[in-house]
1. If Glu190 satisfies all but one of (1) at positive phi; (2) open to solvent by 40 Å² or more (accessible area, probe 1.4 Å); (3) over 16 Å from the mean Cα position of the chain (by Cα), what's the number of the condition it fails?
2. Please enumerate the residues belonging to region 84-104 that are farther than 25 Å from Phe134 by Cβ and surrounded by 14 or more Cβ atoms within 10 Å (Cβ to Cβ).
3. Please name all residue pairs, on different chains or six or more residues apart, with Cβ atoms under 8 Å, provided the first residue is in region 45-69 and is at positive phi and the second residue is modelled with pLDDT of 85 or more and surrounded by 15 or more Cβ atoms within 10 Å (Cβ to Cβ).
4. Under 8 Å by Cβ, and 6 or more places apart or on different chains, what pairs join a residue from region 162-180 that is within 13 Å of Val191 (Cβ to Cβ) and open to solvent by 50 Å² or more (accessible area, probe 1.4 Å) with one that is among the polar types (S, T, N, Q) and part of a loop (DSSP other than H, G, I, E, B)?
5. Within region 193-209, work out how many residues are charged (D, E, K, R) and either modelled with pLDDT of 60 or more or surrounded by 13 or more Cβ atoms within 10 Å (Cβ to Cβ) (or both).
6. Does region 110-130 hold any residues that are in contact with a strand residue (DSSP E or B) (Cβ under 8 Å, 6 or more places away or on another chain) and either surrounded by 17 or more Cβ atoms within 10 Å (Cβ to Cβ) or of a type outside the set (Asp, Glu) (or both), and which are they?
7. Taking the condition of being in a strand (DSSP E or B), open to solvent by less than 80 Å² (accessible area, probe 1.4 Å) and among the polar types (S, T, N, Q), how many residues in region 131-161 meet it?
8. Condition first: modelled with pLDDT of 90 or more and under 26 Å from Glu29 (Cβ atoms). Now tell me which residues in region 91-126 satisfy that.
Amino acid sequence: IETDVAYDASRGLLRLSVRDDGRGMNADEVEAYLTIGFSDKDTNRQRGRFGVGKLSPYALGIMRMVVETCDGHQTHRISFNSDGSGTIARLEARPRGTVVRVYKRCGREEAEALAERTFKLVQETCGSIAIPLFVNGTPVNRDIALPTIYALNFSAPAGKGVLGITAEPTHTLMGGGIVLETAAPVLGDEVSYILDSPRLSPTLSRNAVRRDQ
């Protein structure tokens, strides 16, 4: 997964893009993508997890969003305007995967702040996923660790993590390498931990993780 932030000073235009080499979307999935709340990641649940992810960039005040996706056979480009309207076009075959680009008009200072925020956000929330992850060409993957020598790493079928004692307590719950919560002292206030379990399947809102089970 590659995330890139670029700025065109002559036009005062910021571009933020995220590219992956996954399986992409076919024609039916492209149509379904335009339906808020739809997700094929869980056939038993079509609402409430990643279905509204396509709307979240509009919180940045973007002027345009473009999604290009190829399932290995067909390539589609979905272009969204600032009012949410959009069009679908067929393109020549591309490498399999999906790239999402958003465009925002802003000054250089705001663009630099957004670029810095993007790097920190991806590193903090997704840096421990197993997939190679880059921001502007810089790898951000890291191992789960606590900043202390008084720590014990462990791994089991239910998940992995590290327990320890630190000067400032750390309490982090993760699901598949994605940070879900950073203030859940489930083992007590004194014990620092980072726990990552595939059993923690989060429910996401537009802005954050919802606390359910």
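The values are calculated or read from the model by the stated rules, or taken from the named source; none is laboratory data. Small disclaimer: the values here were computed from a predicted structure and weren't measured. FYI the Cβ positions are ideal-geometry reconstructions off the backbone, even for glycines, and counts take in every protein chain you see. In case anyone asks, the SASA skips ligands and DNA or RNA and just uses the protein heavy atoms, side chains included. Shrake-Rupley method; radii C 1.70, N 1.55, O 1.52, S 1.80 Å.
1. Of everything listed in (1) at positive phi; (2) open to solvent by 40 Å² or more (accessible area, probe 1.4 Å); (3) over 16 Å from the mean Cα position of the chain (by Cα), Glu190 misses just condition (1).
2. Filtering region 84-104 for residues farther than 25 Å from Phe134 by Cβ gives 84-90, 92.
Selection gives Gly86, Ile88.
3. Close Cβ pairs satisfying both conditions: Gly61/Lys104.
4. Ile165/Thr148
5. Qualifying residue count for the region: 2.
6. Correct list: Ala111, Leu114, Ala115, Thr118, Phe119, Val122, Gln123, Thr125, Cys126, Ser128, Ile129.
7. Counting residues in region 131-161 that are in a strand (DSSP E or B), open to solvent by less than 80 Å² (accessible area, probe 1.4 Å) and among the polar types (S, T, N, Q) gives 1.
8. Once the filter is applied, which keeps residues that are modelled with pLDDT of 90 or more and under 26 Å from Glu29 (Cβ atoms), region 91-126 yields Leu91, Arg96, Gly97, Thr98, Val99, Val100, Arg101, Val102, Tyr103, Val122.
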